[in-house]
Amino acid sequence: TLQYLLSFSEGCTSFFSQVSLVRCCSVIADGQHPRLGEICRKCLEGTWEGGPKHSDGVAMLVRSWLEHGAEMEEVVGELQRVVDKTGSNLPSLTRSTLPPVYRVVCEKLVGNLRKISTDTPDENTVIDLAECVNNFAVLISFIKQINNSRPMIRSALTLGQRFLEVFLSKGLPALSGLMKEQWLEVQSILKRLQTPTRYLHHVTGHSKSIRDIALTAKVPQMKKTLELLVLKVKAMLAAHGCSAAFWLGNLKQRDLKGQEILSQEPQKDEGEDEAGSDISELSIDTDEGEEEGRGEDDPCEDSDPYSESMSIGY
């Protein structure tokens, strides 16, 4: 039945007929079907007239393409071209269709992370986790490049939190089990994760500063997740005898453009201790060039060679 339906793809000459065909085939498809993925890509390569539901149709095609053979790196790369305005190989991906597609890709990335087998972590586990974290960092960076896209900010807060929660429950325990064998790779993953988490902290500050009720409602849980990540990374490093590799610094509240939110200035003028005792004011890494919160006097508990060269700022 599926093959019979797929044979109609050449006869579908309009965008919505292609979308309807793909949607129908996706429902009855059992497992991955590369042919269906090819049809999705071919449709995305077309130039179609927009409409009220055009963006949703493009997002559905991208979702089916990912489910039936597309590599996450390829899709993220195409979105990067849209963001950079360098011209995507898929004309259906534009700035106007980006918000729903962004949400679909983030959802798929969370699903990919959840599917990684961490029961017996090995070299492949590290490779898969590094791939997911790298794609996550690229996707979060789009928020900075496309300023004030409320739908994308909402997706970043909601799905960014889900990604970090899955990473905490599956990824971090797997990395802990591989610290001694592959400490360089583990260090690289944790450092790569710092950039998107730092920017998500800025997104929470921006959401509160513009008093957007829908976005602000997502801030407390996101901040709690970021704080939990800080604590669990610290505990993992301490368990392996390299507490000196971990240091805390205060991350200032900034908007999406990286400018400090002015509401913090009176606190700074009063000379108060910025770090304080409230971990909610701390996030992944410090601002660049600001390491006053670094704990330089905290020695490693062991003399393991891998712990001596690690330096992870949180």
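The values are calculated or read from the model by the stated rules, or taken from the named source; none is laboratory data. Everything numeric here is computed off the predicted structure, so don't read it as measured data. No Cβ is skipped: glycine too gets one built from the backbone with ideal geometry, and neighbour counts run over all protein chains shown. Note: accessible area is taken over every heavy atom of the protein model, side chains too, but ligands, DNA and RNA are not part of it. Shrake-Rupley method; radii C 1.70, N 1.55, O 1.52, S 1.80 Å.
Scanning the range 93-105 finds no residues that are within 30 Å of W183 (Cα to Cα), of a type outside the set (G, A, S) and open to solvent by 70 Å² or more (accessible area, probe 1.4 Å). Could you say whether any residue in the range 48-55 is open to solvent by 10 Å² or more (accessible area, probe 1.4 Å), closer than 23 Å to N112 by Cβ and more than 26 Å from the chain's Cα centre (by Cα)? No: zero hits.
Checked against (1) of a type outside the set (A, V, I, L, M); (2) open to solvent by 10 Å² or more (accessible area, probe 1.4 Å); (3) modelled with pLDDT under 90, G205 passes all but condition (2). Within the option set L61, L93, being assigned to a loop (DSSP other than H, G, I, E, B), out of contact with any Phe, Trp or Tyr (no Cβ under 7 Å at 6 or more places or on another chain) and either under 19 Å from N135 (Cβ atoms) or modelled with pLDDT of 95 or more (or both) holds for one residue only, L93. Pairs meeting the criteria (first residue in the range 209-226 and touching a residue at least 12 places away in the same chain (Cβ under 8 Å), second residue among the charged types (D, E, K, R) and open to solvent by 50 Å² or more (accessible area, probe 1.4 Å), beta carbons under 7 Å, at least 6 apart or on different chains) are A214/R154; L215/R154; V219/K208; T225/E165.
Of all the listed residues (R154, R211), the sole one being out of contact with any Phe, Trp or Tyr (no Cβ under 9 Å at 6 or more places or on another chain), at pLDDT 90 or above and open to solvent by 10 Å² or more (accessible area, probe 1.4 Å) is R154. Taking the range 46-61 as the range and being among the acidic types (D, E) and either in contact (Cβ under 8 Å) with a residue 60 or more places away in the chain or over 13 Å from V19 (Cα atoms) (or both) as the test, only E49 passes.
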